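Visitor: To start, I am sharing the structure in question, which I have written as structure tokens.
The values are calculated or read from the model by the stated rules, or taken from the named source; none is laboratory data. Computed from a predicted structure; not experimentally measured. When we count neighbours, we look across all protein chains shown, and the Cβ atoms used for this are built from the backbone with ideal geometry, even at glycine.
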Amino acid sequence: MMLSRASLLFPVALIAGLVAVFLTAQPFDYLSKGAPPGEDLTVEHIRLDGTGIHATVRAAGSEPMIIAQVQVDGAYRTFSQDPVGPIGYLETARLDIPYPWIAGEAHHLVFLTSTGAGFEHSIDVAIATPGTTISDLFGLALVGLFVGVVPVLIGFAFYPALMSFGESGRQFALALTIGLLAFLLVDTVGEGLEVAEKAAGSLKADLIVWLSALLTSLTLLAIGRRGGRPPEGVALAYFIAIGIGVHNLGEGLAIGASFAVGEIALASFLVLGFALHNVTEGVAISAPIRREAMSPVTLFWLAVIAGGPAIPGAMTGGLSISPFWTALAFGIGAGAILQVIIEVGGVFLRRKRDISVPWYSAASLVGFTSGIVVMYATAFVVRS
Amino acid sequence: MKPAAADGQTSHAHGGGNRLVGTIDHDRNGFDPHDILADWDTGEVSQLADGRRLREYQIVASDMEVEIAPGILFPAWVYNGRIPGPTLRATEGDLIRIRFSNAGSHPHTMHFHGIHPASMDGVPGAGQVGPGEDFTYEFSAEPFGCHLYHCHSLPLKRHIHKGLYGAFIVDPDSARHADQEAVARSRLLGTPENARWQEFVMVMNGFDTNFDDENEFYAVNSIAFAYFDKPIRIERSRPVRIYLVNVTEFDAINSFHLHANFFDYYDHGTTLTPTLKTVDTIIQCQGQRGIVEFSFADHEPGLYMFHAHQSEFAELGWMAQFEVV
């Protein structure tokens with residue numbers, strides 16, 4: 001024990017010594033040859049209200065950055081900054097710009113730093129940011145309910161019909177689950193990488209999406225198999241619900257954010273699209289449950305876990321949430337989905353062994369394809 | 001600045017608000033835009049053997065960081081520590097001798113818009129001066145008018161827009177213009193007729209602070225909104241003459257528009273009769289210049305704006321006003 005402590009101390013002391021020497025002597029600073037400081041500024045959030053434009057920015061400069069002037073639509077404008085002063089590395093500040101913005105039109109912002117560098121941001125469609133009034137929040141909560149919980153419950157209603165087809169119905173349902181999850185995995189990673197682009201470059205949010213997905217799936221696999229056996233039946237249904245739940249949190253956030261920036265023009269139509277899109281999730285969650293283990297209480301909790309997160313997502317999507325955290329949420333969601341793909345796939349292959357049904361049957365091919373096609377087709381409605 | 005009350009959730013009206021935030025340290029810059037307005041550099045005057053007047057000037061080019069807008073430091077190149085460079089003023093026929101030394105980090109020249117021999121043109125190969133070197137330009141002040149000088153080293157755009165330019169005013173010699181002697185004397189610095197005029201030099205320029213070949217700031221005499229925030233005071237009883245020069249880089253033209261009044265315009269200032277009468281807006285391409293003359297004698301006192309009538313330039317800094325008293 002003493003030996004291992006002593007041997008650890010030495011390399012740690014070496015590292016500490018190296019850090020101390022570099023920080024005090026700065027032996028390689030001459031290589032920069034007096035180059036001007038590197039600057040980067042990311043606009044993380046825009047809020048529009050009766051007092052003007054409010055932008056939350058994150059600096060990523062090699063030295064603290066000073067926002068000296070602000071242009072709106074090619075004109076210099078008064079503004080105030082909170083907190084005042086230079087913005088340090090990866091720190092944020094809010095810029096309040098009294099500006100008579102025009103509803104439904106585009107506005108262009110340029111933030112000029114003390115070095116004269118300009119950082120641009122466009123507001124594609126200006127609309128007053130909702131989420132500040134009780135009725136707005138209630139409306140968004142209702143949207144989350146219809147997008148998340150209700151379609152999952154409707155999806156459960158397919159269960160008796162599928163089971164009435166016997167073994168091939170069950171196989172179809174499981175294959176459909178895998179197809180759907182495959183679609184969601186690709187979709188969630190894509191969403192995560194898209195939002196990661198909006199985060200400050202040095203946060204490497206794209207890497208975070210991949211790594212958090214990997215770590216989440218490994219962690220959930222370990223939790224699921226802590227008894228030494230892979231989860232099946234109701235336990236597996238809960239894991240599917242968790243994976244889909246994290247995905248729906250992200251979907252809720254996206255809906256809330258879209259409302260906030262006025263990108264959703266045909267709100268009712270889109271909520272319907274999302275709802276249809278998510279009915280398949282109910283089918284997927286219920287697929288591994290044996291008929292005898294089915295109970296209304298179980299289905300209620302599964303629906304809450306899978307669909308419920310869409311509600312807080314929709315309510316908070318319009319708030320100032322850093323793209324970094326949103327990207328992390330998508331990464332965790334992707335990891336949770338990957339885990340259930342592995343486990344549902346396991347169930348599928350074990351069934352072949354146990355009751356000698358070929359896993360590549362017509363029912364499973366149709367199910368898998370249906371899962372992907374249904375998700376893809378309903379996604380059109382949501383994306384348009 | 002007091003924002004007006006917001007009118008609900010769809011559109012919002014605020015009074016004004018088109019301005020810069022903060023103040024400039026003119027002492028740190030070493031020049032104040034209000035001092036530049038009527039700061040004539042008439043050189044060191046002496047008499048040549050043949051009776052001709054000699055004017056000698058000292059000009060130094062150097063690298064200098066200039067706060068061109070509050071909080072924004074521009075890595076400029078300057079003549080005699082200011083942008084625009086000194087306003088060189090002479091009389092038609094004077095011999096001009098300019099000892100130009102380069103304390104900067106790149107080769108520079110002084111290219112005058114005027115009449116001179118090829119060897120004095122101030123271009124690469126004729127009067128270009130390397131860092132630490134010097135050169136003496138010598139030529140006759142011809143023709144009378146409102147002119148300019150600028151660096152003609154390459155790359156040209158960069159050498160001009162970094163700040164190497166200034167006005168060069170040649171007053172008419174009234175003895176040579178007997179038929180229009182009164183007009184000529186009113187233009188000739190040092191005469192009582194000239195003293196009653198309120199004369200200003202205004203060099204329309206811009207700054208591309210991020211070097212993307214588009215200007216972030218526009219102004220007259222470099223400092224955006226300087227004459228808007230602190231208006232130029234003029235007396236109603238005395239006429240106004242503006243020596244207007246356009247050196248704006250990257251944009252095809254610049255313009256001058258006066259509110260609530262009209263003016264006479266002398267393109268290039270090389271005539272004693274106006275080339276345009278009774279106008280309130282003129283345009284100039286880069287290098288073009290002219291003389292603007294007007295009077296507020298019959299107006300009520302108050303603030304009268306003048307600015308580029310490209311709204312884009314105006315809102316990016318080329319906005320100013322006279323305080324008529």
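Let's see how each residue does on (1) buried (at least 20 other Cβ atoms within 10 Å of the Cβ); (2) touching a Cys at 6+ places or on another chain (Cβ under 7 Å); (3) not assigned by TED's automatic domain parsing to the domain that holds A:Glu232:
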{"site": "A:Pro100", "(1), (2), (3)": "no, no, yes"}
{"site": "A:Thr129", "(1), (2), (3)": "yes, no, yes"}
{"site": "A:Leu145", "(1), (2), (3)": "no, no, no"}
{"site": "A:Phe165", "(1), (2), (3)": "no, no, no"}
{"site": "A:Arg170", "(1), (2), (3)": "yes, no, no"}
{"site": "A:Leu185", "(1), (2), (3)": "yes, no, no"}
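Visitor: Would you point out the residue of segment A:102-125, among those that are over 21 Å from B:Gly71 (Cα atoms), at the interface with chain B (Cβ under 9 Å from one of its Cβ atoms) and aliphatic (A, V, I, L, M), that is surrounded by the fewest Cβ atoms within 10 Å (Cβ to Cβ)?
Guide: A:Ile102
Visitor: Mind counting the residues in segment A:67-96 that are part of a loop (DSSP other than H, G, I, E, B) and more than 23 Å from A:Ile321 (Cα to Cα)?
Guide: 3
Visitor: Can you list residue pairs whose Cβ atoms sit under 6 Å apart, with the first residue in segment A:72-88 being under 16 Å from B:Ala69 (Cβ atoms) and at the interface with chain B (Cβ under 8 Å from one of its Cβ atoms) and the second being surrounded by fewer than 16 Cβ atoms within 10 Å (Cβ to Cβ) and modelled with pLDDT of 90 or more? Count only pairs 6 or more apart in sequence or on different chains.
Guide: If the second residue must be surrounded by fewer than 16 Cβ atoms within 10 Å (Cβ to Cβ) and modelled with pLDDT of 90 or more, the pairs left are A:Gly74/B:Glu312.
Visitor: Next question, about the same structure. Do you know which residues across segment B:304-325 are in contact with a Pro (Cβ under 6 Å, 6 or more places away or on another chain) and either within 14 Å of another protein chain (Cβ to nearest Cβ) or more than 15 Å from B:Phe200 (Cβ to Cβ) (or both)?
Guide: B:Val325
Visitor: Then there is this: Please go through segment B:193-216 and give me each residue that is within 14 Å of another protein chain (Cβ to nearest Cβ), crowded, with 16+ Cβ neighbours inside 10 Å and among the acidic types (Asp, Glu), ordered by number.
Guide: B:Asp208, B:Glu216
Visitor: While we're looking at this one, here's another question. With the requirement that a residue be touching a helix residue (DSSP H, G or I) at 6+ places or on another chain (Cβ under 8 Å), in a strand (DSSP E or B) and under 18 Å from B:Phe262 (Cβ atoms), what does segment B:306-325 give you?
Guide: B:His307, B:Ala320, B:Gln321 - these are the residues of segment B:306-325 that are touching a helix residue (DSSP H, G or I) at 6+ places or on another chain (Cβ under 8 Å), in a strand (DSSP E or B) and under 18 Å from B:Phe262 (Cβ atoms).
Visitor: With respect to the numbered conditions (1) in a loop (DSSP other than H, G, I, E, B); (2) away from every other protein chain (no Cβ under 14 Å); (3) within 17 Å of the chain's Cα centre (by Cα), which one is the sole condition not fulfilled by B:Leu272?
Guide: (3)
Visitor: Can I ask one more? Which one is surrounded by the most Cβ atoms within 10 Å (Cβ to Cβ) among residues in segment A:27-80 that are over 13 Å from A:Ala93 (Cα atoms) and of a type in the set (S, T, N, Q)?
Guide: By that ranking, first place goes to A:Gln69.
Visitor: I need the helices (runs of 4 or more DSSP H) fully contained in segment B:144-203, keeping only those with at least 3 residues that are among the hydrophobic types (A, V, I, L, M, F, W, C).
Guide: Result: B:181-187.
Visitor: In addition: For segment B:33-81, which residues satisfy the criterion of being within 25 Å of B:Phe135 (Cβ to Cβ), touching a Ser or Thr at 6+ places or on another chain (Cβ under 8 Å), crowded, with 23+ Cβ neighbours inside 10 Å and more than 14 Å from chain A (Cβ to nearest Cβ)?
Guide: B:Ala61, B:Trp77, B:Val78
Visitor: Name the pairs: first residue in segment A:205-227 and in the same structural domain as A:Ala329 (by TED's automatic domain parsing), second residue among the small types (Gly, Ala, Ser) and surrounded by fewer than 19 Cβ atoms within 10 Å (Cβ to Cβ), Cβ to Cβ under 9 Å, at least 6 apart or on different chains?
Guide: Cβ pairs passing all conditions: A:Gly224/A:Ala235.
Visitor: Do we find that A:Glu44 is within 14 Å of chain B (Cβ to nearest Cβ) and in a strand (DSSP E or B) in this structure?
Guide: For A:Glu44, the condition - within 14 Å of chain B (Cβ to nearest Cβ) and in a strand (DSSP E or B) - is not met.
Visitor: Something else now. Which one of the conditions (1) assigned to a loop (DSSP other than H, G, I, E, B); (2) small (Gly, Ala, Ser); (3) within 14 Å of chain A (Cβ to nearest Cβ) does B:Ala219 fail to meet, given that it meets all the rest?
Guide: Condition not satisfied by B:Ala219: (1).
Table: residues versus (1) part of a loop (DSSP other than H, G, I, E, B); (2) under 20 Å from the mean Cα position of the chain (by Cα); (3) at pLDDT 90 or above.
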| residue | (1), (2), (3) |
| --- | --- |
| B:Val21 | yes, no, yes |
| B:Ser46 | no, no, yes |
| B:Ala49 | yes, no, yes |
| B:Ile68 | no, yes, yes |
| B:Arg97 | no, no, yes |
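Visitor: Now for a separate question. Among the residues that make up segment A:132-139, is at least one of them in a helix (DSSP H, G or I) and either touching a helix residue (DSSP H, G or I) at 6+ places or on another chain (Cβ under 7 Å) or within 9 Å of another protein chain (Cβ to nearest Cβ) (or both)?
Guide: Taking every residue of segment A:132-139 in turn, at least one turns out to be in a helix (DSSP H, G or I) and either touching a helix residue (DSSP H, G or I) at 6+ places or on another chain (Cβ under 7 Å) or within 9 Å of another protein chain (Cβ to nearest Cβ) (or both).
Visitor: Something else now. Quick one: what pairs do we get from segment A:57-70, first residue within 13 Å of another protein chain (Cβ to nearest Cβ) and closer than 29 Å to B:Phe225 by Cα, second among the basic types (Lys, Arg) and outside any loop (DSSP other than H, G, I, E, B), C-beta under 6 Å, 6+ apart or different chains?
Guide: Close Cβ pairs (under 6 Å, with a partner that is among the basic types (Lys, Arg) and outside any loop (DSSP other than H, G, I, E, B)) amount to A:Val70/A:Arg77.
Visitor: Between a residue in segment A:133-145 that is free of Cβ contacts under 8 Å to residues at least 24 places away in the same chain and any residue that is not β-branched (Val, Ile, Thr), which pairs come within a Cβ distance under 7 Å, given they are 6 or more apart or on different chains?
Guide: Matching pairs, first to second residue: A:Asp136/A:Pro130.
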